[in-house]
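Asks: Structure in C-alpha cells, see below.
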C-alpha cells in the first residue's frame, strides 16, 4: 500500500481514526484544526493513496527550543553558547490501529519535513515526547537521546537526521 503525507484538511475523515490512545484520538478529532488555525501546531496526516480521506496516521510539528545545558556536552560544545537553541517539536505522532508499521513512515516523514525546513527556519534538533517505554524504545531505534532533567523528552540533532535521510552510497 502506498501512502502520502499532507496537511490535515476538511476532506480527511477524523472521526474514524483510532490509535488506541484516547488522548491522541481526541486531539485529532476535536483540537487539531483549532491548533492549525491558531498556528500553534502544523498537523500532517498520512493517507493511503487509494483512500485519500482515510487517516492512517498523523503527527504535529511546532517550533520549540531546548536549553543548551540540557544537551550532552559532546553536542552542546558544537553549538553557540546561547542559553537555548532552536528546535522543532514532533508533539504528537499516532497511527491508526489498522495500519501496523506506519509509525516509521510517519516519523521519517516528520524528520524529512523538519530537515527540509531547517534551512528556512533554523533548528538544531528535533524533539519528541515519548509517552511510555514503548515510545522511548521506538524513538531510540532512530538515534533519539533523552534530554537531561526532562522526563520522556528526547532529541535528535539535525546532523544525524541529515545522515539518516541520505541514501546509502
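Asks: What number goes with the only condition from (1) surrounded by 19 or more Cβ atoms within 10 Å (Cβ to Cβ); (2) touching a helix residue (DSSP H, G or I) at 6+ places or on another chain (Cβ under 9 Å); (3) in contact (Cβ under 8 Å) with a residue 60 or more places away in the chain that residue 28 does not pass?
Replies: Tallying (1) surrounded by 19 or more Cβ atoms within 10 Å (Cβ to Cβ); (2) touching a helix residue (DSSP H, G or I) at 6+ places or on another chain (Cβ under 9 Å); (3) in contact (Cβ under 8 Å) with a residue 60 or more places away in the chain, residue 28 fails exactly one: (2).
Asks: Still on this structure, please answer the following. Report those strands (runs of 3 or more DSSP E) wholly inside the range 70-169 carrying at least 3 residues which are touching a helix residue (DSSP H, G or I) at 6+ places or on another chain (Cβ under 7 Å), modelled with pLDDT of 90 or more and surrounded by fewer than 14 Cβ atoms within 10 Å (Cβ to Cβ).
Replies: So the answer is none; nothing clears 3.
Asks: Which number in (1) touching a strand residue (DSSP E or B) at 6+ places or on another chain (Cβ under 6 Å); (2) under 20 Å from residue 145 (Cβ atoms) marks the one condition that residue 56 misses?
Replies: Tallying (1) touching a strand residue (DSSP E or B) at 6+ places or on another chain (Cβ under 6 Å); (2) under 20 Å from residue 145 (Cβ atoms), residue 56 fails exactly one: (2).
The values are calculated or read from the model by the stated rules, or taken from the named source; none is laboratory data. All values derive from a computational prediction rather than experimental measurement. Note that we place each Cβ from the backbone using ideal geometry, even for glycine, and neighbour counts take in every protein chain shown.
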